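Just below is one structure, and these are the notes that go with it.
The values are calculated or read from the model by the stated rules, or taken from the named source; none is laboratory data. Since this is a predicted model, take the numbers as computed values, not measurements. Backbone-built Cβ (ideal geometry, glycine too); neighbour counts: all protein chains shown. Heavy atoms of the whole protein, side chains included, go into the accessibility calculation; ligands, DNA and RNA do not. Shrake-Rupley method; radii C 1.70, N 1.55, O 1.52, S 1.80 Å.
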Amino acid sequence: MNILHISDLHFGTRHWNGNDEMLLDKINSYPADLVINTGDNTSDGLKNEYQEAGQFLKGITCENVISIIGNHDKRNMQAHEYFKQYIDQDEIIQPSKPKLTTKKNLYLQRDITKTENHFTDLNYLKLVTIDNMTVLVICIDSNILYQDEGFVEAEILKTISAKIKRMKYDKSILLIHHSILVGDITPLLNPLLLADFVQKHHIEDVFCGHTHVMTLRKSTDLYHHSSFTQYMVGSLSSSNRMGDDNMFLYLENWGTSELQIHLIRIHRDGDVLSFTEELIRKTGTR
Ligand SMILES: [Fe+2]
């Protein structure tokens, strides 16, 4: 299975001046079986930004494109509805015990908002089967309405865990906007809860974005004898700070000992793009 990982598209005011058509051609030149997009599709969660992001994602020719929501995508009371309208129409997982939830602004006040869906978190479970291998893609919403820091609701993780136990799959991956392993000025506030969840479900690979900086880290739990790799990719198409490249990752033969990780850096001269490719890890070193 070949996985292509993009993140932080930032349509709207933080979107770059690069040529999106040229970028799509480059992405589509890789024979990806699964494209994963780890959030911040927009700059401010606005309707027109979601429309543009949705349009761009529709231009990806891969049959399986899975996107999650980021903190920038959740900056207003309708943002979660726009995500559903323009990015992903799948059924959202609701916590089985809503009264026990503690996450801020998880529910909007029904009596004072016109919003149709008052539950603001977007968590999904998706199965993708390629060449007889079924992968469970666990999509966790780490974002808090109006805030840049991340927080994952424990009650939602419990509900998701119960669902996962009833599912059949060969491998699983976790998509989350905030990093579990790397902190920044707006970090995930409860990363250990996620690390336990990853260990509990034997998830080998976690994919995230948010910081616009690439780091690939492996974490080992010495007590439980388990480990996972976290792929944190930089921004695909935002106006970055000086020195930060735009980029995406391409994982060739993912899930096998033949895994090869390609880092594709995107260089911009005016609106014209050029690309450089780097092989990060060679066969058999996993
Ligand atoms: Fe972010």
When you go through Leu4, Leu57 one by one, which is the residue that is open to solvent by 10 Å² or more (accessible area, probe 1.4 Å) and under 30 Å from Leu279 (Cα atoms)? Leu57
Which of (1) open to solvent by 60 Å² or more (accessible area, probe 1.4 Å); (2) over 14 Å from Leu136 (Cβ atoms) does Leu194 not meet, given it meets every other one? (1)
Residues of segment 140-162 satisfying the condition of being closer than 17 Å to His201 by Cα, in contact with a strand residue (DSSP E or B) (Cβ under 9 Å, 6 or more places away or on another chain) and not in a loop (DSSP other than H, G, I, E, B): Ile140, Ile156, Leu157, Ile160
Only one of these is at pLDDT 95 or above, in contact with a Lys or Arg (Cβ under 6 Å, 6 or more places away or on another chain) and part of a strand (DSSP E or B): Val137, Val206. Name it. Val137
Test for Ser29: is it touching a helix residue (DSSP H, G or I) at 6+ places or on another chain (Cβ under 8 Å) and either at pLDDT 95 or above or buried (at least 22 other Cβ atoms within 10 Å of the Cβ) (or both): no
Between residues in segment 197-213 that are more than 16 Å from Met232 (Cβ to Cβ) and among the polar types (S, T, N, Q) and residues that are more than 16 Å from the ligand (Cβ to nearest atom) and in a helix (DSSP H, G or I), which pairs lie under 7 Å by C-beta distance while being six or more apart or on different chains? none
Could you look through segment 148-177, keep only residues that are under 19 Å from His5 (Cβ atoms), open to solvent by less than 10 Å² (accessible area, probe 1.4 Å) and touching a residue at least 40 places away in the same chain (Cβ under 8 Å), and pick out the one that is nearest to the ligand (Cβ to nearest atom)? His177
Sort out which residues of segment 215-230 are over 17 Å from Pro187 (Cβ atoms) and either surrounded by 20 or more Cβ atoms within 10 Å (Cβ to Cβ) or among the basic types (Lys, Arg) (or both), and write them in order of number. Lys218, Phe228
When the residues of segment 199-214 are narrowed to those that are open to solvent by 50 Å² or more (accessible area, probe 1.4 Å) and closer than 18 Å to Leu4 by Cα, which ends up nearest to the ligand (Cβ to nearest atom)? Val213
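To keep it simple, each residue is scored yes or no on (1) within 16 Å of the ligand (Cβ to nearest atom); (2) part of a helix (DSSP H, G or I).
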| residue | (1), (2) |
| --- | --- |
| Asn17 | no, no |
| Glu21 | no, yes |
| Ala32 | no, no |
| Cys62 | no, no |
| Ile69 | yes, no |
Could you check, for segment 248-269, whether at least one of its residues is closer than 16 Å to His5 by Cβ, basic (Lys, Arg) and free of Cβ contacts under 8 Å to residues at least 24 places away in the same chain? yes
